Each structure stands twice: as structure tokens, then as C-alpha cells.
Amino acid sequence: MSDLASPRIVIVGAGPAGIRAAATLVDAGLHPIVIDEGQRAGGQIYRRPPAGFTRPPQQLYGSEAQKARALHSLFDQLSAEGRLTHCAGNSVIAVHEGRLHVLGESGVQVIFYDRLILATGASDRVAPVPGWQSAGVYSLGAAQIALKAQGVALGRRIVLMGSGPLLTLVGAQLVKAGAHVPAVLDTSPWRQQLRGLWELAARPVVALRGLVMRARLGGRYHAGVTLERIETDGSGVAAVRWRDAGGRQRATSCDMVGIGWHLRAETHLADLAGCAFTYDEQWRQWLPKIDGMGRAGNGVYLAGDGVRLLGADGAEIAGCLAAAACLADLGRPAPSAKADLHKLARLERFARGLACAFPWPSEMVRALPEDAIVCRCENVSAGAVRESADAGGGEANRVKSLSRVGMGRCQGRYCQLAAVELVAAKAGCKPDAVGRFRGQAPVRPAPIGAFLRES
């Protein structure tokens, strides 16, 4: 039997990393608390539809259906047996001195912890394109969630643009579901994609799967494009104007646009938990510092795409490692990490190949016209960011306070990377010299009334 009183271990996130971490702790006789924003475990990658949904797992998850079912079944069994506590539909909005402030239907409650495992995952890494603030523009992840959770496409005529595996994956999924997708626009040229080939060979089956999905898109897929603007007709998106690899002007009519350049780690809670950060030049973003097992210090452990962008397989391994590190630090027997560390090294090599093949479009961002919107929440233009960079001395948080970029509902999740690129270009330095926006609580929008009911 597990001891519910001690130690109190909380896991934030019930995706692949969180599920594996929970299972590892349960196997060691502990009873973890798992907090997740979703109503059912699975995370974004293995998001589950509502009860009564008729599409089978094979259609929802494709080649990953077996993995998804295995994780779902594992977590559901542990929860049904009472071997863990699942706080579904709850958001952790603050971390402070061993306690979490958790927003749920009844308001904000405080949950104390002795050890904390953050498996917060990642979200779309988006770059501003003139007109992207218009109705009908979504992230690639949003388009995929709508398809998985509700079985719907978000438009009748869909253009997808950006770069990375998610671009072609969502395109192939939409086409297979019967959606009309006239164009999939990739900003990475073929020659750039070939530069990552050696590292991508670390996972040949996955790399081949990506090529197959691209082949299914046929003439819809265009590499090495230059995105010019998203046009509107007064009610929403009307067309995308772009130039192909040969420089020819093109326009594709549509009523929905999906955008995304791979992923950005969800790090707000790690920041509030006091984790140190380092700038990753290849991923062009700030990532938390951990040891090989996921230790971030002060009883905090990180796993999954919230710290290393390795995908679902890497997240499962990282979840096991973080839980093993937690057990070892508690003086309890822990499973051997040698084989998992070896697997993780191979996955990291593959991920570096992805980052090389499908890079963040820094040159496109730095060339944004003055009137292009960078921060959609606060309607802050590229010109305003550049002007604030002059007055703010090229430091991220001073620019934020002067221009209000990153102060909206998303707290910089969608604009920070672009804003930092603009500031760095204006200051004549690299993005790491500009710094990053400091995390603020609450990390998700919360009604004032929820705090009045805090317990």
C-alpha cells in the first residue's frame, strides 16, 4: 500500500511524459497527484475526443494509434484503481514556495507539494505574417485539435503555412478527413531540409513516414516559399499572397489559414518555480536547464516538450527519467536509467535534425513591415516594438513594458520569439543578449471571482 501522507508528489500534465512519470511513481508504491487541463489524459498529441465520438483511434492518431491506446489505458487503469489522484479540467496558474495555485470550476485552490514534476508540453511556435490577426487565422495545433476532438475542419478552403513536421502532418490529416486544402506552404527550401538529413537518419522510420505524408499532399506542397500577406474581405480571411521558390508571385484563395513553425516549449510554470534558463541557438528559444535525468533543482523535475522538444516518444522516456530521479532523491529504489538515456540521445540527434531542416524564419520576422501586427492580444505593431527597442536599450522586459508586447492573454506565448528577433535586429545583437520575458502569475487568464473563492 502507498503512503498518501508522504511524500506529496504532484505532476502537472497528463500527456505522454506525465503519464509515464505517474506510472513509474505508482510502481514504486507512491500515490502522485496529476493535474491536467484536459478532461481526459493523453495530452495534445494523444488528445481524446468526447465520449460517444465515433472515429476510431486509427483515424485519430494514424501510425501512433497503438501508443495512444496503451497510454490511455494505463492511466485510466491507475486512476480507476485509486493508485493516483487525477485532477482533470484544472489549470495550474501559479507556483510559489512549495504550493500550486490551481484554477478549476470551483475557483482557485492551493495544493502543496514536496516534489514537483512539470510535464507541461509545448504549443505552436508561430511567426507573424502581415494580416495574421484576421478572423480565420489559427495555429496548426488548433486545426489539429478541432479535427481530433470534434471531427471538424475549421474552414471550407484551407491554406497551411509555416515549416516543420506538424505542417505536413496536419495537412495530410485534413486531406484524409476530406477537407479542401489547396496549398501547404513551407518556408524551408529543399536545400535547407537536406542539411538535416544526417541527423534525421537517427530515426529512419519516422523520417520516411514524414516523406510519405508529404507525398500524399502531392502538388499542394510547396517548399522554399516567401510569405507576403494574408488578405481579408471584411468578414475574415480571403487569400494568401506568396512567392514560390522561383520568385513567382502567387495568390491562393481561402477562408481559413493555419500557421506554425514547429513547437515552442511551455515554460511559464518552470519560470515561476525558479528554474534557470539557457538560450538554445538552434531552436531559437529559451529552454529550462536540467541535468540528464530532468532535475531542475529545488525539488522540481522537468520532462517532455516543456524542456526538450523530442516529441511523444522522447516525452515518455523523459517522464520515466524524471520520476526515477525523484525516487532516487527521496532515497527510494529507482529503475535503471542507462537504456533510457541511450534512447534519449538518439532522439535528441533526430530533433536537432528537425531544427536544422525546418528552421525558425528569423529573416522573415526581422523584415516585417512597420504596420504588421506582432502581438495580436495587444495589437502591437512591428514599428512599435522597434521604437520601444530604441528607448528600452534592447532589453526584452523594458521593451515589453514600453510597448505592451506580450502583456495580453497569451503572455507572450505567440509573440515573444518574434518580438525578441525584432529587438535584436534593432540593437544589432543576438536574441540571447536581448533576454526573455519574465513569467508572471497567473499564467492563464483567470476571473477575479475565482481568487475570491480561493481555499
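The values are calculated or read from the model by the stated rules, or taken from the named source; none is laboratory data. The structure displayed is predicted, hence computed values, not measured ones. So basically every Cβ, Gly included, is an ideal-geometry build from the backbone, and we count neighbours across all protein chains shown. Surface accessibility is based on the protein's heavy atoms, side chains included, excluding ligands, DNA and RNA. Shrake-Rupley method; radii C 1.70, N 1.55, O 1.52, S 1.80 Å.
List of remarks:
- Residues of region 18-76 that are of a type in the set (Phe, Trp, Tyr) and either at pLDDT 95 or above or under 16 Å from residue 323 (Cα atoms) (or both): 75 alone.
- Each residue in region 396-430 was checked for being in contact with a strand residue (DSSP E or B) (Cβ under 7 Å, 6 or more places away or on another chain), in contact (Cβ under 8 Å) with a residue 60 or more places away in the chain and not charged (D, E, K, R), and 3 pass.
- Strands (runs of 3 or more DSSP E) lying entirely in region 59-145 (those with 2 or more residues that are small (Gly, Ala, Ser)): 91-96, 122-124
- Top-ranked residue of region 394-413 - restricted to ones that are touching a Lys or Arg at 6+ places or on another chain (Cβ under 8 Å) and at positive phi, ranked as surrounded by the most Cβ atoms within 10 Å (Cβ to Cβ): 406
For every residue, the table says whether it meets (1) in contact (Cβ under 8 Å) with a residue 12 or more places away in the chain; (2) under 17 Å from residue 301 (Cβ atoms).
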residue: 24; (1), (2): yes, yes
residue: 44; (1), (2): yes, no
residue: 48; (1), (2): yes, no
residue: 55; (1), (2): yes, no
residue: 58; (1), (2): no, no
residue: 63; (1), (2): yes, no
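- Among the residues of region 303-331, those identified as assigned to a loop (DSSP other than H, G, I, E, B) and out of contact with any helix residue (DSSP H, G or I) (no Cβ under 9 Å at 6 or more places or on another chain) are 330, 331.
- Residues of region 181-227 satisfying the condition of being open to solvent by 50 Å² or more (accessible area, probe 1.4 Å) and assigned to a strand (DSSP E or B): 226
- Every test in (1) buried (at least 21 other Cβ atoms within 10 Å of the Cβ); (2) in contact with a Pro (Cβ under 9 Å, 6 or more places away or on another chain) is passed by residue 279 save one, and that test is (1).
- Residue in region 127-140 that is open to solvent by less than 20 Å² (accessible area, probe 1.4 Å), touching a Pro at 6+ places or on another chain (Cβ under 8 Å), in contact (Cβ under 8 Å) with a residue 12 or more places away in the chain and within 30 Å of residue 417 (Cα to Cα) present: yes
- Single unsatisfied condition, residue 430 versus (1) within 28 Å of residue 102 (Cβ to Cβ); (2) loosely packed, with under 15 Cβ neighbours inside 10 Å: (1)
- Test: residue in region 1-14 that is farther than 26 Å from residue 269 by Cβ and either at pLDDT below 90 or in contact with a strand residue (DSSP E or B) (Cβ under 6 Å, 6 or more places away or on another chain) (or both): yes
- Complete set of residues in region 158-181 that are farther than 20 Å from residue 61 by Cβ and not aliphatic (A, V, I, L, M): 162, 163, 180
- Qualifying positions in region 351-393 - part of a helix (DSSP H, G or I) and open to solvent by 20 Å² or more (accessible area, probe 1.4 Å): 352, 354, 356, 362, 363, 364, 366, 384, 386, 387, 390, 391
- Filter result (buried (at least 21 other Cβ atoms within 10 Å of the Cβ) and part of a helix (DSSP H, G or I)) within region 16-58: 16, 17, 18, 19, 20, 21, 22, 23, 24, 25
- Restricting attention to region 80-110, the residues being more than 23 Å from residue 300 (Cβ to Cβ) and either free of Cβ contacts under 8 Å to residues at least 40 places away in the same chain or in contact with a helix residue (DSSP H, G or I) (Cβ under 6 Å, 6 or more places away or on another chain) (or both) number 6.
- Any chance residue 438 is assigned to a loop (DSSP other than H, G, I, E, B), open to solvent by 10 Å² or more (accessible area, probe 1.4 Å) and at pLDDT 90 or above: yes
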